[in-house]
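Peer 1: So that we are looking at the same thing, I have put the structure below in structure tokens.
No value in this document is a laboratory result; all are computed from the given coordinates. Small disclaimer: the values here were computed from a predicted structure and weren't measured. Cβ placement follows ideal geometry from the backbone for every residue including glycine, while neighbour counts extend to all protein chains displayed.
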Amino acid sequence: MNTDPLLTVSHFSVVYDVDPPVEAVSDVSFTLHRGEILGLAGESGCGKTSLAYGVQRLLKPPAVIPSGHAVFHDESGEDVDIAALSEAELRRFRWDKASMVFQGAMNALNPVTKIGRQLGDVFETHRPGMSRVERTRECGDLLDLVGVGRERLRSYPHELSGGMRQRVMIAMALALKPQLMIMDEPTTALDVLVQREILQQISDLRKQFGFSVIFITHDLPLLLEISDRIAVMRQGRIVELDTASNIYHHAQHEYTRTLLGSFPSLTGERGGFVRGQRAGAAGGAVA
């Protein structure tokens, strides 16, 4: 794994300014390396999505970021303080440098607009110099890349399966060849076979293009399959951060061990996750 940093998050906090205020993310720090898949695990409500949205400056009021920094280390050598970007600079940064596959993304496509037009909008907005023919060719190449097929450019979202729609969203996130892709529960509501296909595709694309991934899910066994390192969150804090192997074999925090134990084995005695058993054989992961 490349040890060069791509994203450095330092003492990052997110507060929802209601009465009383809710601290969703508290003093979180981590470094994402180039080409790395960093899994972000934890139960619902622990702050995973608030952290990801906060880093990308996608949060809306009443959410505020009272402290912390997120610095993007561009391949050009420039260090970009995301919090300091103007709105215009932020629009250029998103999708071009860092993209996001949102939670429930397979239902995020416009139901009355063809797939080709929706993919083409990314290029029309961020690559205005491209001709219509070039945009169409790029969109077709993207669909081929994610295994959907360019013949689907003229399809409407309802004509695609859930897995195909999810692949379209991944293609959209890849369109401008970003250095960072944040994926928020990208396989939720998909059956386990489609999950496996999409996870394998993400891994293959990462190897092909070298982008880094922050993969958010409550499914810790799934992260053990695909991640280089895993950060475990609880109540807005990262309580453990280590390699996937160390998390599996030598978890240090009691909460991490509880998460591991919450997934039943498909073989052997009842009582939760069995160490020494392959992660993908645990309930909730793909086999």
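Peer 1: Answer yes if at least one residue in the stretch 150-160 is among the polar types (S, T, N, Q), in a helix (DSSP H, G or I) and farther than 19 Å from residue 190 by Cα, and no otherwise. It would help to see each step written out before you state the result.
Peer 2: As a first pass, look at the stretch 150-160 and keep what is among the polar types (S, T, N, Q): 155.
Now restrict to residues that are in a helix (DSSP H, G or I): none.
Within the stretch 150-160, not a single residue is among the polar types (S, T, N, Q), in a helix (DSSP H, G or I) and farther than 19 Å from residue 190 by Cα.
Peer 1: Return the pairs, sorted by first residue and then second, in which the second residue is exposed (fewer than 15 other Cβ atoms within 10 Å of the Cβ), the first residue lies in the stretch 73-86 and is closer than 15 Å to residue 55 by Cα, the beta carbons are less than 6 Å apart, and the residues are 6+ apart or on different chains.
Peer 2: Going by the 6 Å Cβ cut-off, the qualifying pairs are 73/79; 80/74.
Peer 1: Within the stretch 58-107, track down each residue that is assigned to a loop (DSSP other than H, G, I, E, B) and touching a Leu at 6+ places or on another chain (Cβ under 6 Å). Explain how you work it out, then say what you get.
Peer 2: First, pick out the residues of the stretch 58-107 that are assigned to a loop (DSSP other than H, G, I, E, B): 58-62, 65-68, 74-78, 85-86, 95-97, 102-104.
Listed by number, the residues that qualify are 95, 96.
Peer 1: Could you look through the stretch 137-162, keep only residues that are under 27 Å from residue 219 (Cα atoms) and touching a residue at least 40 places away in the same chain (Cβ under 8 Å), and pick out the one that is surrounded by the most Cβ atoms within 10 Å (Cβ to Cβ)?
Peer 2: So the residue we want is 146.
Peer 1: Residue 91 versus (1) farther than 20 Å from residue 206 by Cβ; (2) among the basic types (Lys, Arg); (3) in contact (Cβ under 8 Å) with a residue 60 or more places away in the chain: which is the lone unmet condition?
Peer 2: (3)
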